[in-house]
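Contents: one structure, followed by commentary.
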Amino acid sequence: MSNLSLKYKDTLDLYDDHSNCIAKEVPLQALSPLYNPYMREVLNLFKRTAFIDLAKLEQYVKSGRAGWETVVGQDEIQMPWYGRDLPMVERSEEIAERIKEKIAKFDDGEEELVKPVAGGKLIIVKIPRRMMEVSASRDPPLTWTMVALCQAISETFNLNPETDPDGCNMVRGAIFGRYPQSPELPPGGPVFGLLRQSNIVDGLGSGFRGIMVNHIVALVNKRTMDGVALATILEQGAQWEMGNVLGWFERYNLLASAYQGFNANNLVLDLVLENREGTIGDVARSTVKRAVEDGVIKVKKTFPSGYKVYSTSDYPLWNAYGCAGVLAAVIVNVGASRAAQSVSTVTGYFGDHLIFETGGLPDPDTGRIEGTGIGYAFYTHSIYGGAGPGAYTLDHVVVRSTSGFLTPCVVAGMCLDSGTQLFSPEMTSSALFKIRDHMPLLNEPLKKVAEAAEKVKGELTKA
């Protein structure tokens, strides 16, 4: 933090999901993952953590299932003659200790790296920071965990290639699947990370987008504004890694992520409260009204009919208001219906409302949210036959084409959904509801972003 410099004069107040001010006059750069220590810790946690579903692995090995290629086809290959009845959950403490012996010796001992939870059905594994520092990728959470797990099970149950080669192969197959013959590890397999494996994430710098919407919903226990904050941290981490925030676009991304993702100046919740009995069109009108009141836009021309055309001298700030507006519109719409299927409709057409209200000012994220939302509507309603909004990963080809401001809206919608989705968080992400209780760093992310911003505020202001 020795090379701090305050590039922008913007300061913001941050509010929690009860509209309480939790940080005042925070410099804009304090909400960058390069400066905000909490955001950095979250990103670090996501890229160095893996999980073992020991109960699932025990079932696979017992029934001889391995090598499937799809999440829904986990019984497509069954070899019961190779099955082994290994009571892994019963001996989870021993297995965890053997994994720890192999991994923890490379750590400085400041944190617990291997922890069995949920009565031994799950094991949380964190890779030593030292290994991540020398790694060219974020793959060690998967590679280290899988290799250590194979060895730990073999040692615990006295399996070895000489005495039981088929048993060893069965354990290996249940963990690794067809990898490396198939580039992807078994979908829905017993070892998984918070992020998808790097070789199947498409696009340079997209690693932090390799997580399903429903996983984020589960990690925040369906708290809407916390889900938006966590999604924003991941999306903006990816935007920085891609280089999309450098130079011309830094203030653009920081402002939009502050107003949409961290409820700067309580704009999102003010719009929700004002339109709690309204429509998405009402939210658009309120967004324009608030922007006029705050001096972000002004009337450029009034036609004889009374129709006004607006202009702005600060487009990044107007964009931030628009991104906050589309999130508020999603919350109002899905909050009324308690059904997340409308998220794509709101994101696809809210921009048109703003354009009509302002006489042509650019819509949120210069049309990217609208364009992506329209395609998203097609894929969630038509060609996939309703592959619900929450089933998409942030890097999916359908939703990845914005500057990181669409998927926080999707997360908000899935937090508010009352169970209408076939692909619900409870179905796709049940393990993460249990795991979140053992990851205190992810509790109240909105509040913790604000607290961290307060901590660096003094250094930034001084600089």
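The values are calculated or read from the model by the stated rules, or taken from the named source; none is laboratory data. These numbers were taken from a predicted model, which means no experiment stands behind them. Cβ sites come from the backbone with ideal geometry, for glycine too, and all protein chains shown count toward neighbours. With ligands, DNA and RNA removed, areas are computed over all heavy atoms of the protein, side chains included. Shrake-Rupley method; radii C 1.70, N 1.55, O 1.52, S 1.80 Å.
Which ones in region 31-75 are in a loop (DSSP other than H, G, I, E, B) and either within 16 Å of ARG178 (Cβ to Cβ) or hydrophobic (A, V, I, L, M, F, W, C) (or both)?
Answer for region 31-75, where residues must be in a loop (DSSP other than H, G, I, E, B) and either within 16 Å of ARG178 (Cβ to Cβ) or hydrophobic (A, V, I, L, M, F, W, C) (or both): LEU34, GLY64, ALA66, GLY67, TRP68, GLU69, THR70, GLN74, ASP75.
Hey, can you tell me all the residues within region 136-153 that are open to solvent by 30 Å² or more (accessible area, probe 1.4 Å) and small (Gly, Ala, Ser)? So that I can check it myself, show each step before the final result.
As a first pass, look at region 136-153 and keep what is open to solvent by 30 Å² or more (accessible area, probe 1.4 Å): 136-139, 143-144, 147, 151.
The answer is ALA136, SER137.
Exactly one of these conditions fails for MET1: (1) open to solvent by 10 Å² or more (accessible area, probe 1.4 Å); (2) modelled with pLDDT of 95 or more. Give me its number.
Single failed check for MET1: (2).
Exactly one of these conditions fails for MET439: (1) more than 16 Å from the chain's Cα centre (by Cα); (2) under 30 Å from VAL26 (Cα atoms); (3) assigned by TED's automatic domain parsing to the domain that holds ILE216. Give me its number.
Failing condition for MET439: (1).
Those residues that are out of contact with any Lys or Arg (no Cβ under 9 Å at 6 or more places or on another chain), open to solvent by 10 Å² or more (accessible area, probe 1.4 Å) and over 25 Å from LYS121 (Cα atoms), I need them from region 400-437; list them, please.
Hits for region 400-437 are GLN421, LEU422.
Go through PRO165, PRO161 for me and flag whichever is open to solvent by 40 Å² or more (accessible area, probe 1.4 Å), in contact with a helix residue (DSSP H, G or I) (Cβ under 6 Å, 6 or more places away or on another chain) and not small (Gly, Ala, Ser).
Just one listed residue meets the conditions, PRO161.
Can you name every residue in region 93-105 that is open to solvent by 10 Å² or more (accessible area, probe 1.4 Å) and modelled with pLDDT of 90 or more? Even if it seems obvious, please write down each step before you answer.
Just the residues of region 93-105 that are open to solvent by 10 Å² or more (accessible area, probe 1.4 Å), to begin with: 93-94, 97-98, 100-102, 104-105.
Matches in region 93-105: GLU93, GLU94, GLU97, ARG98, LYS100, GLU101, LYS102.
Please specify each residue of region 356-377 satisfying the condition of being within 15 Å of THR312 (Cβ to Cβ), open to solvent by 50 Å² or more (accessible area, probe 1.4 Å) and assigned to a helix (DSSP H, G or I).
GLU357, THR366
Quick one: how many residues across region 438-463 are of a type in the set (S, T, N, Q) and touching a residue at least 60 places away in the same chain (Cβ under 8 Å)? I'd like the intermediate steps shown before the answer.
To start, the set of residues in region 438-463 that are of a type in the set (S, T, N, Q) comprises 443, 461.
Remaining after also requiring touching a residue at least 60 places away in the same chain (Cβ under 8 Å): 461.
Summing the residues that are of a type in the set (S, T, N, Q) and touching a residue at least 60 places away in the same chain (Cβ under 8 Å) in region 438-463 gives 1.
If a residue counts only when it is under 23 Å from the mean Cα position of the chain (by Cα) and of a type in the set (D, E, K, R), which helices (runs of 4 or more DSSP H) contained entirely in region 214-313 have at least 1 such residues? Walk me through it before giving the result.
Numbers: elements: 224-242, 250-256, 267-274, 280-293.
So the answer is 224-242, 250-256.
List the pairs whose first member sits in region 204-220 and is at positive phi, whose second member is of a type in the set (Val, Ile, Thr), and whose Cβ atoms are under 7 Å apart, counting only residues at least 6 apart or on separate chains?
Close Cβ pairs (under 7 Å, with a partner that is of a type in the set (Val, Ile, Thr)) do not exist here.
Within region 322-347, count every residue that is farther than 18 Å from MET225 by Cβ, modelled with pLDDT under 95 and open to solvent by less than 10 Å² (accessible area, probe 1.4 Å).
1
For PRO389, are the conditions met, namely being more than 23 Å from GLN197 (Cα to Cα), crowded, with 24+ Cβ neighbours inside 10 Å and either in contact with a helix residue (DSSP H, G or I) (Cβ under 9 Å, 6 or more places away or on another chain) or at pLDDT below 95 (or both)?
no
Between LYS126, LYS115, LYS121, which is touching a strand residue (DSSP E or B) at 6+ places or on another chain (Cβ under 8 Å), basic (Lys, Arg), surrounded by fewer than 18 Cβ atoms within 10 Å (Cβ to Cβ) and closer than 25 Å to PHE433 by Cα? Please lay out each step first, then the result.
Values: LYS126 fails: surrounded by fewer than 18 Cβ atoms within 10 Å (Cβ to Cβ); LYS121 fails: surrounded by fewer than 18 Cβ atoms within 10 Å (Cβ to Cβ).
Going through LYS126, LYS115, LYS121 in turn, the sole match is LYS115.
Just give me the residues in region 22-57 being open to solvent by 10 Å² or more (accessible area, probe 1.4 Å) and more than 20 Å from the chain's Cα centre (by Cα), in sequence order.
Scanning region 22-57 gives ILE22, LYS24, GLU25, ASP53, ALA55, LYS56.
Just to be sure before I move on: is THR287 within 24 Å of PHE262 (Cα to Cα), of a type in the set (Val, Ile, Thr) and surrounded by fewer than 16 Cβ atoms within 10 Å (Cβ to Cβ) in the structure I sent?
Against the criterion (within 24 Å of PHE262 (Cα to Cα), of a type in the set (Val, Ile, Thr) and surrounded by fewer than 16 Cβ atoms within 10 Å (Cβ to Cβ)), THR287 does not qualify.
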